[in-house]
Amino acid sequence: MGSRSVKVSLIDEEGQTSYYIFDTIKFYREHGKLTQGKLQVNLDKLLKVSHINNVVATGYGRQTIDLANALNIPEIKAHVTGAAYSTGLEDFTLLDLGGQDSKVALVRGGRMIDFQTNDKCAASTGRYLENMAGVLDMTLPELAKHYANPVDLTSTCAIFGESELIGRIVEGYDPTGLAAGVNHSIFKRIRPMLQQLLSPVIVFTGGVAASPALKKIISSELGVKVLVPAMHQYTGAIGCSVIARANSLKTGYDSCN
């Protein structure tokens, strides 16, 4: 249950996986109801399957709304499990940049041994990129292309960063250089966390991992290999489904009517 979207990874008895994505607000409004402090969702009906045996939930909304009849786990655990499953790696650094927070975890032997998170500021997240793309009148895919000749952006705050970018536009800087500057500014904000928990391989997940520019910047600046799983946006959901299946959870999931 992410801040911008709800992702679902559904594993069947043969190990085949299906993926679903919903706008967060629309998901809560149209598919759930709050009963005794827990969110009731008819997942069988929503996903059009006959029966779901076990459910594991995590994400941005986990600490404020518990999904009824599900095992709720820490988000970092779900993402580490999903990254290991998606890549087959046991030793790596996980970098997850979501809609409103960023996470870095050090993984050794398939186990997380240290991690850091930043959910206090949106300046290194997808929401920040959305805002900057709007200021530059670019689509997110267009913004994500640019990394060369960056214009230096010094603000460490998402709000003030937007004002600084507008000022650079007024000063006449080239939009491609400004787009590169935005991508470099994301890296500058996550660099301290990455340097403290660095590995030769970084597994880059979350919606922001769709940015080839940021992947290039991280790799060249830190001298590491950066892997982006094919289903990078679903990594937390994949981790949840892997945990549910592996542990044969006895959650007794019942669809709500």
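Ranked from largest, the principal axis spans of the Cα set of the chain equal 60, 40, 28 Å.
If R0 is taken as 25 Å, the Cβ-Cβ distance between Ile11 and Asp91 corresponds to a FRET efficiency of 0.50. Each of Thr125, Ala213, Val135 was scored by the projection of its Cα onto the charge dipole of the chain, and the greatest displacement toward the positive side belongs to Thr125; charges sit on the C-beta of Lys, Arg, Asp and Glu. Put a plus charge on the Cβ of each Lys and Arg, a minus charge on the Cβ of each Asp and Glu, and nothing anywhere else: the dipole of the chain about its Cα centre is then about 420 debye.
Could you grab the relative contact order for the chain? Cα pairs under 8 Å, six or more apart, rounded to a whole percent. Walk me through the intermediate numbers first.
On the way: 486 pairs, mean separation 65.7, N = 257.
The value is 26 percent.
Simple spin-label estimate for Ser220 and Val201 gives 2.4 nm between the two label positions (7 Å along the Cα-to-Cβ direction from each Cα).
For the chain, excluding the exposed loop sites themselves (GluC sites (Glu not before Pro), DSSP loop, at most 12 other Cβ atoms within 10 Å), the longest remaining stretch covers 172-257. Taken one residue at a time, the phi angles of the range 15-30 give Karplus couplings (6.51, -1.76, 1.60, θ = phi - 60°) of x, 7, 10, 10, 10, 9, 9, 9, 4, 4, 5, 5, 4, 5, 6, 9 Hz. Gly and Pro are set to x. Could you tell me what percent of the accessible area of the chain is made up of carbon and sulfur, with a 1.4 Å probe and every protein chain present? The value for the chain is 50 percent carbon and sulfur by accessible area. Ratio of Rg to Rh for the range 1-153: 1.00 [Cα atoms; Kirkwood radius as inverse mean 1/r over pairs]. A simple rule links phi to the HN-Hα coupling: the Karplus curve 6.51 cos²θ - 1.76 cosθ + 1.60 with θ = phi - 60°, which for the range 233-241 gives 6, 9, 4, x, 5, 4, x, 4, 5 Hz, with x for Gly and Pro. The lysines whose alpha-carbon is closer than 20 Å to the alpha-carbon of Lys38, local same-chain residues fewer than 8 away aside, are Lys7, Lys26, Lys250.
Distant-in-sequence amide contacts of Phe115, defined by a placed amide H-H separation under 5 Å and a gap of 5 or more residues or a different chain, comprise Leu106.
Straight-distance candidates among the aspartates and glutamates for linking to Lys215, with alpha-carbon spacing under 14 Å and chain neighbours fewer than 8 residues away dropped: Asp96.
The values are calculated or read from the model by the stated rules, or taken from the named source; none is laboratory data. Keep in mind that what you see is a predicted model, and the values were worked out from it rather than measured. Cβ sites come from the backbone with ideal geometry, for glycine too, and all protein chains shown count toward neighbours. Side chains are part of the model used for accessible areas, which takes the heavy atoms of the whole protein and leaves out ligands, DNA and RNA. Shrake-Rupley method; radii C 1.70, N 1.55, O 1.52, S 1.80 Å.
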